[in-house]
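These notes are about the structure you will find just below.
We did not get these values from a lab; they are worked out from the coordinates using the rules stated. The structure presented is a predicted model; accordingly, all values stated were derived computationally and were not measured. Cβ placement follows ideal geometry from the backbone for every residue including glycine, while neighbour counts extend to all protein chains displayed.
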Amino acid sequence: MRALLATGDAATTGVTDLDESALDGAVLVDVTHSSINYKDGLAIGGRPGVIRDWPKVPGIDLVGTVAEDAAGWSAGERVLVNGWGLGESRHGGLAERARVEPHMLTRIPAGLTDVQAAAVGTAGYTAALGVLALQDAGMRLDGADILVTGAGGGVGSIAVQLLARAGAEVTALTGRVEQLEPWLRSLGAVAVEPRSSLGEAGRPLQSARWDAVADAVGGTILANALAQLRPGGHATACGLTAGAELPATVLPFILRGITLHGVHSVEQPAAQRERAWSMLEAKLDLAALDEATEVVGLEGAVDAAERILASSIRGRVVVDVR
Ligand code: NDP
């Protein structure tokens with residue numbers, strides 16, 4: 001089968017013929033599409049932190065059909081996998097076939113095409129988990145002032161859409177205001193702010209501006225956003241494109257009673273995945289998703305990986321692996 005094989009060295013990473021006997025798992029899937037997430041950029045680029053045991057097929061998402069009856073799954077069922085170590089500790093979605101364990105599979109919602117399911121991918125599913133975290137904390141999203149960071153990326157752009165459609169007044173923070181403002185407004189943002197406005201270390205308590213923050217970047221930006229939360233406000237943290245450190249103080253926690261929720265997509269149980277995917281099917285504007293999706297072939301994945309690390313992708317890149 002054709003597969004992208006990441007070797008740990010960008011110079012030798014590329015499309016190759018891989019024997020299917022390299023795959024391990026009870027359920028065989030004919031993969032149609034995968035996608036490029038930030039983690040895939042790191043893995044394909046040979047950066048540390050995603051794949052430890054090289055070489056591996058990268059791709060933390062896959063979309064396809066079950067190839068043969070196995071472990072309660074029937075041949076022909078439309079399925080997807082997000083996370084569960086795919087493209088990290090086991091061969092991933094950037095190949096014509098994959099083997100996974102039965103608990104890893106989620107049925108593709110009937111309203112989504114394969115390309116749309118891949119375009120949502122881990123990025124969109126993680127954005128939905130963040131929205132669920134806010135709702136489960138008892139937050140009323142309708143009319144809430146919510147800051148979304150990393151808004152031009154995969155997680156951020158889908159968070160903007162989901163929150164805006166839930167009635168929130170979304171401010172999108174981006175390093176690409178000139179390029180992305182019209183698009184971010186079309187996704188539902190009521191305001192667009194430059195990344196630099198939160199980029200420098202600030203005071204531990206700042207003017208309270210937000211009922212909630214949906215953060216995908218971490219670092220100084222998240223620290224400043226926490227310092228700008230209103231009393232009782234909530235923030236979700238899922239990413240680290242601005243840095244893994246969190247140079248914050250406890251003051252907004254103890255003087256404003258704010259809450260910071262961690263969002264972890266990789267090992268979520270099936271029930272939580274189904275909640276997230278139901279929200280995505282019901283609430284996403286599919287025309288907007290299609291417009292923000294670029295589809296490339298397997299050979300295009302390496303270039304897309306370079307572009308996601310350089311933050312030059314707008315929205316999502318889907319890989320048609322066939
Ligand atoms: P993308 O690359 O698509 O988006 C990240 C965005 O972050 C960029 O588009 C850019 O947005 C912004 N950004 C980039 N560099 C910086 C910087 N130095 N400072 C501030 N902002 C920056 O990635 P994804 O949306 O796929 O993922 C976002 C993060 O979430 C990653 O760290 C990823 O690993 C993490 N993640 C975590 C998951 C989990 O389970 N916890 C699951 C999925 C993703 P703009 O140009 O608009 O400023």
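Side notes on the structure shown:
- Angle between the chain longest axis and helix 177-186 axis [Cα atoms, degrees, rounded to 10]: 80
- On the principal axes of its alpha-carbon atoms, the chain has extents of 58, 39, 35 Å, going from largest to smallest.
- Separation in nanometres of the label points that stand 7 Å from Cα toward Cβ, at His103 and Arg322: 3.2
- Considering only the chain, percent of DSSP beta bridges that pair antiparallel, nearest 5: 50
- Each of Val177, Gly154, Leu222 was placed along the dipole of the range 123-262 (beta-carbon charges, centred on the mean Cα), and the one lying farthest toward the positive end is Leu222.
- In a reduced charge model with +1 at each Lys and Arg Cβ and -1 at each Asp and Glu Cβ, the chain shows a dipole moment near 960 debye about its Cα centre.
- Gyration tensor verdict on the range 48-116 (Cα atoms; rounded if a/c is under 1.5, prolate if a/b is larger than b/c, oblate otherwise): prolate
- The range 123-262 - convex hull of alpha carbons, volume per residue in Å³: 88
- Global form of the range 5-142, assessed from the alpha-carbon gyration tensor, a/c cut-off 1.5: oblate
- Derived scalar couplings ³J(HN,Hα) [the range 158-175; Karplus, 6.51 cos²θ - 1.76 cosθ + 1.60; whole Hz; x for Gly, Pro]: 6, 4, 4, 4, 5, 5, 4, 6, 8, x, 6, 8, 8, 9, 9, 9, 8, x
- Per-peptide average of other Cβ atoms within 10 Å, ordering 247-260, 10-23 highest first: 247-260, 10-23
- Taking a ≥ b ≥ c as the square roots of the eigenvalues of the Cα gyration tensor, an a/c ratio of 1.5 or more together with a/b larger than b/c marks the range 216-322 as prolate.
- Here the range 237-322 is treated with +1 on each Lys and Arg Cβ and -1 on each Asp and Glu Cβ, and its dipole about the Cα centre works out to around 420 debye.
- Computed helical MRE - 222 nm, the chain, DSSP H runs ≥ 4 contributing -39500 (n - 2.57), nearest 500: -9000 deg cm²/dmol
- Residues considered: Pro48, Pro194, Pro109. Largest GNM mean-square fluctuation over the chain, using C-alpha springs under 10 Å, is found at Pro48.
- Across the range 3-17, computed HN-Hα scalar couplings (Karplus, 6.51 cos²θ - 1.76 cosθ + 1.60, θ = phi - 60°) run 8, 8, 10, 8, 9, x, 10, 4, 5, 10, 7, x, 7, 8, 8 Hz from first to last residue, x flagging Gly and Pro.
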